[in-house]
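These notes are about the structure you will find just below.
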Amino acid sequence: MGLVLCAGLLTGSAAREPAIDIQVKDAWIRWLPPNVPGAGYMALVNTGPATRVLIGASSPDYGEVSMHQTRIRNGVNEMTPVASIELRPRILVRFAEGGYHLMLLQPKRPLKPGDRVLITLRFAQGPSVEVPFEVRAGNST
């Protein structure tokens, strides 16, 4: 039950925009009560020949979207902000519990399971990618 988004742009009759070459699968947000920070999860694959660097994300439904990574340090879960994530060619990068995730703060509207939220992923080079995320109940994966 995963959404797959694969983007590559061609505009004009002969003009070619840079290909996005990013595949996004199973993009979802864990539904939580209002005013509790949410988390966004997905799987990313760079299908192009060159490394791409994810540098941020934004959404019209949240006041702030940032990238974080959860690590266990000295037996304690630590969540730290991440400025960028390198996407090497043909390597899956999973945003999941206990690892990378999007931290979603300041929701601008009430959300419920089944809703869709548009999140734009920004890259150091090339165009951004708009991804629809499905809101799922807290115990869903």
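Under the 0.36 nm per residue contour assumption, what length would be gained going from the current alpha-carbon distance of residue 120 and residue 92 to full extension?
Difference between extended and current length: 8.2 nm.
What accessible area per residue, rounded to a whole number of Å², is obtained for the range 50-127 using a probe radius of 1.4 Å?
Solvent-accessible surface per residue comes out at 57 Å².
Roughly speaking, what is the stretch gain from residue 50 to residue 79, that is 0.36 nm per residue apart minus the C-alpha to C-alpha distance, in nm to one decimal?
7.5 nm
Ignoring any ligand, DNA or RNA, what whole percent of the accessible area of the range 21-141 comes from carbon and sulfur when the probe is 1.4 angstrom?
The value for the range 21-141 is 52 percent carbon and sulfur by accessible area.
The values are calculated or read from the model by the stated rules, or taken from the named source; none is laboratory data. Being a predicted model, the structure only gives us computed values, none of them experimental. Side chains are part of the model used for accessible areas, which takes the heavy atoms of the whole protein and leaves out ligands, DNA and RNA. Shrake-Rupley method; radii C 1.70, N 1.55, O 1.52, S 1.80 Å.
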